[in-house]
Amino acid sequence: MDIILKNATVADEDAPEGLVDIAIEGERIVAVEANIGAEAGEVIDCEGRLVSASLIDPHVHLDAALSVAAARPNQTGTLLEGIAIWSEFMPKLTKEDIKHRARQAIDWEVAQGVGFIRTHVDSCDERMIGLEAMLEVKDEVKDRADIQIVAFPQNCICSFPNGEALLRRALDMGADVVGGIPHNETTRDAGVASMRLVFAEADERGLLVDVHCDETDDSASRFAEVMAEETIKRGLGSRITASHCVAMHSYENAYALKLIGWLQRAGLNVIANPFDNLILQAREDTYPKRRGITRVKELLQAGVNVSFGHDSIMDPWYPLGRGDMLETASLGLHACQMSGVAEIDSCFDMISWRAAKTLSLEDYGVRPGANADLVVFDGYSKAEVLRLGPARTHVFKRGKLVAQTEPARSEVMGDPVSFRPAT
């Protein structure tokens, strides 16, 4: 064996109980069992610490990441001002600038255990420099992160001049996923037409779909039902993702429950983005104030696959963030009141194996035959790593160590401090 991780607690969809050893040969995991006696080039004793497959950020905008200092400030902090700022700033962008910022954000995420990223890239720019930049970055960072690129028509498809042609051009250039934003189209009819176009393109090209869907407080915005219908009619199932779906927090309960049933029958995925959803939605509310995040708990209970995305990292829509998916999951846990024992664990699952299903990843997991895309946490359970946000001590990509972090240590005037309860 090349590497053996000994005495690991495994976090996976079908994780074994108790401590196990994880043997890696080349790019793959070859054994997950107790007390592996084989020789290895390197042995790392995890001492009971949690090991999972790579964390996943299934929804982020890397073309805009870290741009907050270069663009004008968002004085109101609102979604609409963020869109206006980006429209002003986009013509000033260069490919080199986009690549520099995106690579920095990717490295932040890799250092914190992320091995897979789905990024939405603005496809309404005639120059397509954002897409060109991200296609190059995708290739340049493939040794440490796998990138899926969504052709994201930020200014709409049907209601934007040349929108349809620009989307097809982005897909021809090599985008992996077809995007859309139906609630921003001028009319309901235009929004429905945009969805039918998105699904037709994806079906014809064999691509995935990830749509910014109903990212509004408007209870009349109901495009998730259109996505469910198209998914069922075309039999596309888990190839389809509806991101945000925050209008669901404004729906009357009877309609919301009916919709959730259709989403479950369709077999599509939902992504919630706690950082942006909480900070941008329900701005016009006085009190009581809506939380601005979709019905994560109810979707999971109905059998819908849900994952959490980071969305923005220091851009005109969200000026904070550092690409830490544990922070994302922790915020989602609190916002969705998911503090039951099983619910806490499910929040970790939404940045790991559930997100892997969203991205249609193969060979993902902590099991023999899977790619050795692994992260070792300085913590001993899903709940503990969500509570502490500890160091990711070792991050592996296809069997290669790509990041390493020393755990922080505190001392109070000569006495060591532990943030773990006494055992």
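Listed values, structure above:
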quantity: Kirkwood hydrodynamic radius over Cα pairs of the range 199-245, then Stokes diffusion coefficient at 25 °C and 0.890 mPa s, in µm²/s; calculated: 221
quantity: Crossing angle, helix 224-234 versus the chain [Cα axis fit, 0-90 degrees, rounded to tens]; calculated: 80
quantity: Cα-based radius of gyration of the range 268-377 once divided by 2.2 N^0.38 Å, which approximates compact folds; calculated: 1.15
quantity: Sequence-separation-based contact order of the chain, relative, with Cα cut under 8 Å and 6+ spacing, percent; calculated: 20
quantity: Between 0 and 90°, nearest 10: helix 79-89 axis offset from the chain longest Cα axis; calculated: 90
quantity: Theoretical ellipticity at 222 nm over the chain - DSSP helices of four or more residues, -39500 (n - 2.57) apiece, nearest 500; calculated: -10000 deg cm²/dmol
quantity: Whole-number D in µm² s⁻¹ for the range 194-309, Kirkwood Cα-pair radius fed into Stokes-Einstein, 37 °C, 0.692 mPa s; calculated: 231
quantity: Selection from Ala254, Leu278, Gln264 lying farthest towards where the dipole of the range 217-320 points positive, charges on Cβ; calculated: Gln264
quantity: Size of charge dipole - the chain - debye, nearest 20, with Cβ of Lys, Arg +1 and Asp, Glu -1, no other charges; calculated: 640
quantity: Extreme residue, positive dipole direction of the chain, given options Gly113, Ile3, Ala70 (C-beta unit charges); calculated: Ala70
quantity: Over the range 346-410, volume per residue of the alpha carbon convex hull, in Å³; calculated: 91
quantity: Spherically averaged projected area of the chain from its Cα convex hull (nm²); calculated: 21.8
quantity: Farthest positive-ward along the range 349-417 dipole, Cα basis, beta-carbon charges - from His394, Pro407, Ala355; calculated: Ala355
quantity: Folded to 0 to 90 degrees: helix 253-266 orientation relative to the chain principal axis, Cα; calculated: 70
quantity: Antiparallel bridge percentage (DSSP; both residues within the chain; nearest 5); calculated: 40
quantity: Pairs of lysines in the range 55-358 (C-alpha under 29 Å apart; 8 or more residues apart or interchain); calculated: 17
quantity: The range 77-184: GluC sites (Glu not before Pro) in DSSP loop, at most 14 other beta carbons within 10 Å; calculated: Glu126
quantity: Neighbour cut-off at most 13 other Cβ (10 Å), DSSP loop, GluC sites (Glu not before Pro), the range 167-264; calculated: Glu252
quantity: Cβ-placed point charges (K, R +1; D, E -1), dipole of the range 3-44 about Cα centre in debye, nearest 20; calculated: 160
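Read-outs: derived from the displayed coordinates by stated rules, not from any lab. Predicted model, so just to flag it, every value in this text is computed and none were measured. Backbone-built Cβ (ideal geometry, glycine too); neighbour counts: all protein chains shown.
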